[in-house]
Every structure is written in structure tokens, then in C-alpha cells.
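Here the structure comes first, spelled out in C-alpha cells, and everything after it is commentary.
The values are calculated or read from the model by the stated rules, or taken from the named source; none is laboratory data. Bear in mind the structure is a predicted one, so any value in this text is a computation, not a measurement. Reconstructed Cβ throughout: ideal geometry from the backbone, glycine too, with neighbour counts over all protein chains shown.
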Amino acid sequence: MPFQNLGLSAPVLRGVQAMGYTVPTPVQIRAIPAILQGKDLIASAQTGTGKTAAFALPALTLLQQHGTCRCLVLEPTRELAAQVETAFRDYSRFTDLRVALLHGGVGYGNQLKELRHGTDIVVATPGRLEDHLKQRTLHLNDINLLILDEVDRMLDIGFLPAVKKIVSRCPSARQTLFFSATLPPQIVELANWALHDPIKIEIGVNRSVASSVTHALYPVSQLQKHDLLRALLEKTDFDSVLIFSRTKHGADRIATRLKAENHSVAVLHANRSQNQRMEALSGFKSGKYEVMVATDIASRGIDIAGVTHVINYDVPEHPEDYVHRIGRTGRAQSVGDAFTLVTREEERHVHAIEYFIGRKIERLTLEGFSYAQPPAVTSVASVRWDGRGKRGRRFRRR
């Protein structure tokens, strides 16, 4: 089914075509008509399936033309808010609709200017939105479309009280949309309170890894973790690599060592200033940086085209974070590879992940790497390289 058959307005379709999109994804095919019919919606889909366009395109079609602030989009993090605001601007380039971005970490000046200028859509994080509501620089009296994106992440980081307060300040006669990668019971409870007779859409299995991603574990001692990371980078044909660290200080340490090894590296975590975080993202997207080292701040919703590899330097403590992390590659029908470095101490987290996704993850060794002690490999597979060294072809399993 082409986008032209989904009921989108002509200006929005021009925006879609200008972005180079031709065929809608399954979540877009199912969500867009329901939203255009004015239905409340709960949509869960694997990461990388096009959820932003699934709500942004019909929202722009419903708004039609510039007026009052009628659409509110809540996002859990600054990076997600900025990304979604950019998507709205891209899709609405052939309309006169205006979008305002409200998030913390920056001053109020530009935000106040946008609000005074008049906006149709506000994309905000809960904390900064509450500040504007308290200062009466924004009201929600005219909101008729409320969108809560990445709801599971929003609740994970403690925004439930703020979200409920914001929802209660919106008109009761409104359309409400929930988009989330997973649907734990807490979200279902919130949806029962906030939504009216919603349509439920589920794309894929909530606990599954995207089929476009090949993922494996690399057992190694803690002392050799960085050596193995360096060897993998040297022998992997990558375009861009996203490396996940469990802690902010760990991310800084990894980035410092990789820079000393002549990699161009960006760093993304909560201790970085907003300007540093935005520069890291834009530099990684543009190719200025070939590697980005990040904490789980980058594991949900951040959409960076062309990430060919994800490397978990540390095994995530929460199983669902494994799915979200490696979902940063293999997006939009591309393919990707994900490597996880595992110490004996981290095996308990691996067992939890395998139970969560319902399958064993292959254990591999890197041929030619000098292991100080034999790794605990449970499969007979190993990795063989074609001998071209750094930037050689992607690995082939023997």
C-alpha cells in the first residue's frame, strides 16, 4: 500500500516524498488510518519500525493549517524531543504549520520566542513543559491531539506523576495516542485512565530482537575488554559504530582510549551539556564521528540512519535494554550487526536477557585474538576474517 492510499493530505504527502519515503511500514499502515478517523490509539512496535511518522503524518493532516496550539507531543528525553521536532518540521515543509520544541538543558529565550510567535504543535519533555505551565507562558486549553511517545521509557525514568498532571490539564474531549516499544502493566493502567475506547496495534513481538540484526556474544576477561573492542573495530567493515557503556564515567574512559587510538569519537551521556549532546548527535549522523560512545540515553528512540554496528561494552542490567540497544542498528529495513562483550561476572545478566527474548545467543571468539584465558564459549562457531585488516569486509562465520 503506497502512502497515497492512507488518506494523508496533499501537502503532507509532498513532505513524505521529499524525504524519499515510498512505502509505509506496517505500523504506519495500521496507525495512520485509525488516527485520521479520530480514534484513540495504543501502538506497540519494535524499535526502528517508523513510529514517529506513524503519528506525525496523520497529526499534520488533521491540523491542516496554522491556528492555535492544538497538538502536544510528550517525549522522555531532550534528544528524542529534538529528533521528533525535526521530523515534524521535515514532514510539514509544504504547510504553514509551526512546531515549537520545549526541553531542559537550554535557556528559555528561544522557546518563549517560538511560543509568542504562535505554534500549532508543541514537542516537549515533561519537566520543561511543567515549567512553562507554571509560568503561564503556555496553556493546553486548545489541545485536541495528545501524543505520548516512548511511554515505557517515560515511566522508567519516573515521569508518571508529571505525565498524569499534564494529561489532566488537557481538555477531556481530545484524541490521545500512546506509542511505546513495550506495554508493561503500568502503561495499560495509565492508558485505561487517559484513553477512551482505544484501538490497539501490536507490530512484532515485544520481547524479540529485530530480524534485520545479527547479534552475538564475545566472552572475554575484564582486563582484556578494551583490547578485544579495539580488535573488533580494526577487523570490522563498519560505516558507523554505536558503543554502549553502563556508566557515564565508563563511556568517557572508552572514548578517551579510542581517541588515543586515532578513532573519531563522539560521547553522549547525561553529564554532557545540551550543546555537547546535540553536537555529538549531529556529528555522528553527518559522519564527522565514526564512533559514538553512549549510555542508555541513546538506546531508545534515537534514530540515526546507517548505524552498521552496535557494540555493548557492558552487558545491560535490564533485559529490555538489550533489545533497545541493538535495535539502533538494522533500522528501516537495513541490516546490522551487534556484538556484546561478556565477562564471567556479567553472565547472570546474559541469562536474564536470553530468558527475556526466549532464545540462546551465540557465543563467538575472534580468530587471531590472543586471549589471556580461554573464553567460556558454548558454541563451536568462531569468526574468520578475510585478511584485509581494518575496513576489510564484514566477517564471515566459519
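Here are the numbers for this structure:
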| item | result |
| --- | --- |
| Residue in the stretch 35-53 that is part of a loop (DSSP other than H, G, I, E, B) and farther than 18 Å from Phe179 by Cβ present | no |
| The stretch 108-157: number of residues that are polar (S, T, N, Q) and touching a strand residue (DSSP E or B) at 6+ places or on another chain (Cβ under 8 Å) | 4 |
| 1 or more residues modelled with pLDDT under 85 and among the acidic types (Asp, Glu): qualifying helices (runs of 4 or more DSSP H) within the stretch 266-365 | 319-326 |
| Qualifying position, being among the small types (Gly, Ala, Ser) and in contact with an Asp or Glu (Cβ under 8 Å, 6 or more places away or on another chain), among Ser240, Ser221 | Ser240 |
| From Val151, Val188, Val209, Val213, residue being modelled with pLDDT under 90 and surrounded by fewer than 15 Cβ atoms within 10 Å (Cβ to Cβ) | Val188 |
| Cβ-Cβ under 8 Å pairs, at least 6 apart or on other chains, the stretch 254-270 side assigned by TED's automatic domain parsing to the domain that holds Leu242 and under 12 Å from Phe284 (Cβ atoms), far side at pLDDT below 95 and among the hydroxyl-bearing types (Ser, Thr, Tyr) | Ser264/Tyr289; Val265/Tyr289; Ala266/Tyr289; Leu268/Thr295 |
| Index of the failed condition, Asp120 passing every other in (1) of a type outside the set (Phe, Trp, Tyr); (2) touching a residue at least 12 places away in the same chain (Cβ under 8 Å); (3) surrounded by fewer than 21 Cβ atoms within 10 Å (Cβ to Cβ) | (3) |
| Unique match (being touching a residue at least 24 places away in the same chain (Cβ under 8 Å), in a loop (DSSP other than H, G, I, E, B), crowded, with 22+ Cβ neighbours inside 10 Å and of a type outside the set (A, V, I, L, M, F, W, C)) among Pro76, Pro58 | Pro76 |
| Hits in the stretch 253-265 (condition: surrounded by fewer than 16 Cβ atoms within 10 Å (Cβ to Cβ) and in a helix (DSSP H, G or I)) | Arg253, Thr256, Arg257, Lys259, Ala260 |
| Selected residue (criterion: farthest from Ala53 (Cα to Cα)) from residues of the stretch 7-34 that are under 25 Å from the mean Cα position of the chain (by Cα) and either outside the structural domain of Thr86 (by TED's automatic domain parsing) or among the hydroxyl-bearing types (Ser, Thr, Tyr) (or both) | Thr22 |
